[in-house]
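The values are calculated or read from the model by the stated rules, or taken from the named source; none is laboratory data. Computed from a predicted structure; not experimentally measured. Because the Cβ atoms are built from the backbone with ideal geometry, glycine has one as well, and the counts that use them run over all protein chains shown. Accessible surface is based on the protein model in full, side chains and every heavy atom, while ligands, DNA and RNA are left aside. Shrake-Rupley method; radii C 1.70, N 1.55, O 1.52, S 1.80 Å.
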Amino acid sequence: MKKILLVEDEMHVVSFIKKGLTEEGFDVTVAFDGNTGLHLFSENNFDLAILDIMLPDKNGLEVCKEIRKVNTNIPVLFLTALGTAENIVLGLEIGADDYLVKPFKFIELLARIRTLLRRTEGGTATTEIQEEHVYRFTDLEVNDYTKEVIRDSKPVSLTTTEYKLLLYFIKNKNKVLSRIDILEEVWGVNFDIGTNVVDVYVNYLRKKIDAHADQKLIHTVIGMGYVLKDNG
């Protein structure tokens, strides 16, 4: 049973979400303010966190920042009544993996949760099966079974979204990927193409993958998008 932390202060939203997720077989723990949410997070092992942005004591953005300081892997989904592109990008920039604008349908929330959980599921497998899920390019290695990333024999810690972006790049090495391609593959939602969330996350990835390497792998193709290749 997957354990979900729900941090939300609107009682009717809490009731709606908890009832639906419990019926779907999830174990839901609720906090009604940010500080309580962080306390529960520190005391339990959750598989996913759902955070409202507007919360008492400590807002959802602050809660997400604190979570990311100690855990870069747990999927974080924001619920927000602030549906502007700026607010969405802000939430994603600080480490959230997805967002849902209020009001929303439960079926959509459930689909987002299942997608995020699939991204982080590992599991045991034989070496042969695992090897089928290992992608290599120059000195970069991405293991899509263990979700481990190695560059120049050193482990690289990525958030869920950063990992999914890198996986998309390495599966399509040497192919120029447009921002629209990346938005659809990594986030799976229709973003306003005027937002810069792709550029922000590519920069995050560069800092972790390329910053300390002599050979840069992630390149900008002006007017077209980005490409993972071994030369400029």
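Residues to consider are I150, I222; find the one that is within 24 Å of K69 (Cα to Cα) and either of a type in the set (K, R) or open to solvent by 30 Å² or more (accessible area, probe 1.4 Å) (or both). I'd like the intermediate steps shown before the answer.
Numbers: I222 fails: within 24 Å of K69 (Cα to Cα).
Result: I150 is the single residue among I150, I222 that is within 24 Å of K69 (Cα to Cα) and either of a type in the set (K, R) or open to solvent by 30 Å² or more (accessible area, probe 1.4 Å) (or both).
Name the strands (runs of 3 or more DSSP E) wholly inside region 137-223 in which the number of residues that are touching a strand residue (DSSP E or B) at 6+ places or on another chain (Cβ under 9 Å), hydroxyl-bearing (S, T, Y) and closer than 24 Å to L90 by Cβ is 1 or more.
Ranges flagged: 218-221.
Please return the ranges of helices (runs of 4 or more DSSP H) entirely within region 5-119 where 3 or more residues are crowded, with 20+ Cβ neighbours inside 10 Å and without any contact (Cβ under 8 Å) to a residue 40 or more places away in the chain.
Values: elements: 11-23, 34-43, 60-70, 85-93.
The qualifying helices (runs of 4 or more DSSP H) are 34-43, 60-70.
Which residue, of G223, G188, is out of contact with any helix residue (DSSP H, G or I) (no Cβ under 9 Å at 6 or more places or on another chain) and small (G, A, S)? Explain how you work it out, then say what you get.
On the way: G188 fails: out of contact with any helix residue (DSSP H, G or I) (no Cβ under 9 Å at 6 or more places or on another chain).
The unique qualifying residue is G223.
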